[in-house]
1. From the label point of C:MET1, set 7 Å from Cα along Cα→Cβ, how far away are the matching label points in the other copies, in nm, ordered shortest to longest?
2. From the alpha carbon gyration tensor of the protein assembly as shown, can you work out the equivalent ellipsoid semi-axes (sqrt of 5 times each eigenvalue) and give them in Å, largest to smallest?
3. Amide H to amide H under 5 Å from C:ILE201: which residues, 5+ apart in sequence or cross-chain, H placed 1.01 Å off N in plane?
4. Non-local amide H neighbours of A:GLN300 (under 5 Å, H modeled in plane, Pro and chain starts lacking H): which ones?
5. Short version: ³J(HN,Hα) in whole Hz for each residue of segment B:257-262, in order, from phi by Karplus 6.51 cos²θ - 1.76 cosθ + 1.60 (θ = phi - 60°), x for Gly and Pro, what are they?
6. List the lysines whose Cα sits under 24 Å from the Cα of B:LYS2, skipping any in the same chain fewer than 8 residues away.
7. Within straight cross-link reach of C:LYS326, meaning Cα distance under 21 Å, which lysines are found once same-chain residues fewer than 8 apart are removed?
8. Based on the Kirkwood radius over alpha-carbon pairs, what value in µm²/s does the Stokes-Einstein equation return for the translational diffusion coefficient of segment B:31-70 at 20 °C and 1.002 mPa s?
Amino acid sequence: MKTKDIAEFLSAELVGDPGIEIVGVASLDGAEPGELSFSSGPADFVTNASAVIVPNSFDSSVHVTLIKAANPKLAFTRISSLLHPYKSLKGWSETADVAAKANVAASFIGTNVSIGDGAQITEGCELHAGVRIGLNVSIGKGTIIYPNCVIYDGAKIGSNCVIHAGTVIGSDGFGYVKDDKGEHLQFPQIGSVVIEDNVEIGANCCIDRGSLGETRIGGGTKIDNLVHIAHNVQIGKRVLIAGQSGIAGSSVIEDDVVIAGQVGISDHVTIKAGAIIGAKSAVFPNKIVRSGFWSGIPVQRIEEYTKQTVLVRNLKKLQDDVAELKRSIKE
Amino acid sequence: MKTKDIAEFLSAELVGDPGIEIVGVASLDGAEPGELSFSSGPADFVTNASAVIVPNSFDSSVHVTLIKAANPKLAFTRISSLLHPYKSLKGWSETADVAAKANVAASFIGTNVSIGDGAQITEGCELHAGVRIGLNVSIGKGTIIYPNCVIYDGAKIGSNCVIHAGTVIGSDGFGYVKDDKGEHLQFPQIGSVVIEDNVEIGANCCIDRGSLGETRIGGGTKIDNLVHIAHNVQIGKRVLIAGQSGIAGSSVIEDDVVIAGQVGISDHVTIKAGAIIGAKSAVFPNKIVRSGFWSGIPVQRIEEYTKQTVLVRNLKKLQDDVAELKRSIKE
Amino acid sequence: MKTKDIAEFLSAELVGDPGIEIVGVASLDGAEPGELSFSSGPADFVTNASAVIVPNSFDSSVHVTLIKAANPKLAFTRISSLLHPYKSLKGWSETADVAAKANVAASFIGTNVSIGDGAQITEGCELHAGVRIGLNVSIGKGTIIYPNCVIYDGAKIGSNCVIHAGTVIGSDGFGYVKDDKGEHLQFPQIGSVVIEDNVEIGANCCIDRGSLGETRIGGGTKIDNLVHIAHNVQIGKRVLIAGQSGIAGSSVIEDDVVIAGQVGISDHVTIKAGAIIGAKSAVFPNKIVRSGFWSGIPVQRIEEYTKQTVLVRNLKKLQDDVAELKRSIKE
């Protein structure tokens, strides 16, 4: 793509050479000639990139070709997917074990994939090496499942999803009832799991089936690595969940929530639409967390959390003050 | 099963129609006609279930057929396993790689399973697709191992265990000794791992072998997803460990302990029988935690933890009081 | 090996019988005759070991043959690797799927391994059953990759590394940009991941590729199970990272840092060389953590953290003091 094609695609103003051939994208630091970068920050950057996407407000007197955008990072992201498109895989491996009664229209089935009876795998899907698809699983158009993932019986996965390696979807939830001898009997874990369209899930995650009802991940939600989603959790649309966070049974995460890394959400919690939960926080059972930014164990509104952190940091001073007061009174 | 058969199986009182054919279980909300549900709560529920298991104390003047039990959830769990039995798998895949010197009586060996020399796999076992069994592994009667689990050489797994997909048992513990150049040499990780009978382990867990001695998980213990059990940990019987918790080297968890989600237990800790450790808590090295309910980082008895949380929440008030006292004294 | 050979190998003083045949190592408690153990502690141990490595200062009047070393645990570790050498595997499984254009000199390729075009697998490597190697992956001499690991396209892994089962290297980082409709577009995740020599990684870990640049793990670094390393993280040499810790995007961990279990390091953090981060701690975004021992959420120097913990534990006393002062003033 030439710089003018990029500017045109982005409906952006071009300042500089319209005819530079751009072969790829890179960071400002790492770029080489022929590459496109972006900057949202100050104008005094140094780069070997041949063109840089910058804010509209940017000073144009820079040595490099500029493409001006309202949101440079977004513009860069959009053009990147054109310059570095995902390379679709094609073909079915002879080593795959596809059940006779599976209905498979996948464009790629890798080495040693196994697919159970009753599975519905739609066109454009890629099932990479070692993926295990259980009975009656359905997978929508264009979904990519990376190597060694395991999808249990009956799971429903939407279109245009991406599931990274080693992730397990539909295993039993963690529910037990103590019997008269103190042994733990498994509460029925016979529900379903539904992943809607455009969901992306990182590597080595675990998403349990519902115990009786269903576990659901809403459309456009993105999940990082090593995340645990328990039975019957309901996650809305466009939710972000960062690495190593966990959500316990039956909790509800509404649309557009952001959950940072290593957060713990206990069972039967509701996180209202648009709330942001800071890293390493915990929400204890049955809480309702409203919109806004929350942090701490247990979570407080960020302003409260920050105040409290300062108060605790100043405890020595407070203790000294009290000691001083005691002395004064004694005298 | 008819409602009268269910009541009989549970030795429970039936109030209503003894002849309804029950085809499955469901939640109160989700049930359809022909399904059985349960309620431990108030009597004013609305449901389409054809029968509901309720407490003995329950008011019988409800529109639906009732089955009365001392513990409705337990009764429901027991009957569910009859109405929705696990569907055992049969047969050996031709794609499995079973070593010549393995002694295998499994009832099911899935696609691409591999089994090493010296392995002892007892009757009734199911090894699902892609499971890797090392040398000299022994697995007791009726144990089910879900796809893509990895069992390292020499691990011993008991009878009637369930191990969910992607779990790794018997990998090296994390033990290093610094040499004179500051490099980390691996301390020998040549011990064993023993999983006793009736243990259930979630997906993508890691249970390390002992460094010199053994790592042991006691009978009837249940472990959720993404749990980390380090080398030489000794876990008693009927312990519950929720998602993303971790137990560091050589710690001892006695019988009937409950560990909630995202708990961290440091090394050389002892958790005494019957203790409950609240979610997101931490127990630091060499501690002994007695029976009772504990929470916090580091853990305190729940009463202390709750008091302290309140005290911290009231710090602003305390600071204001001290400021007020200062003013009074000055005057 | 005879006891005199062991003493000679360690350049250590032997006190007792030089001719005992030692067949293996064990703990003091677990040892049987013919085994070697070690003790760094008090002299009054009881053991069935035939020889024990002890500190130089140790009283020699013990019933068992002694081998004296400046650092008994290090000496024991060194001799253990001779007495219990890793048993290298040889041969290529016929079930492996090795791409025509891969350059493979591995000494072992297990059942159902798949290797993509352009891969460079050096001599002495072992790829255990079910390992998935993407396109253009390079792996150095003598590296061992345990079953069902997934190495994405283009990852570079050094020599003498050990990667335990189920670990995923090179999956996409977690980076999204919100578009005008509130949908999350994936920021390009097209960078690389480099694992230097002598790195050991536990089971079910996730190490993401760089978004634009690279993710790098320095030589001699050791990583425990279920650890999450995000895109563009730079980890130095000889770093230790314990179980279930996570490091968010673009953070820098310098040489010889020690990170205990369940630690969270946010994005764009720098942990300076030699710092130690205590278990369950959190470092929030953009912080620089200097050398020394740190703990807490967020981290403080250990002395501050300890003081503060005591101050908080004494809050009730402080509150009572203030109440008492109020009464005194009133009177």
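1. Copy-to-copy label distances at C:MET1, shortest first: 6.1, 6.2 nm.
2. Result for the protein assembly as shown: semi-axes of 39, 38, 38 Å.
3. C:VAL162, C:ILE163, C:HIS164, C:ILE223
4. Amide H neighbours of A:GLN300: A:SER295.
5. 6, 10, 10, 6, x, 6
6. The reachable lysines, counting only those whose Cα sits under 24 Å from B:LYS2, are B:LYS68, B:LYS73, B:LYS87.
7. A:LYS316, A:LYS317, A:LYS326, A:LYS330, B:LYS316, B:LYS317, B:LYS326, B:LYS330, C:LYS316, C:LYS317
8. 214
Each value in this text was obtained by applying a stated rule to the coordinates, not by laboratory testing. This is a predicted model, so every value here is computed, not measured. Because the Cβ atoms are built from the backbone with ideal geometry, glycine has one as well, and the counts that use them run over all protein chains shown.
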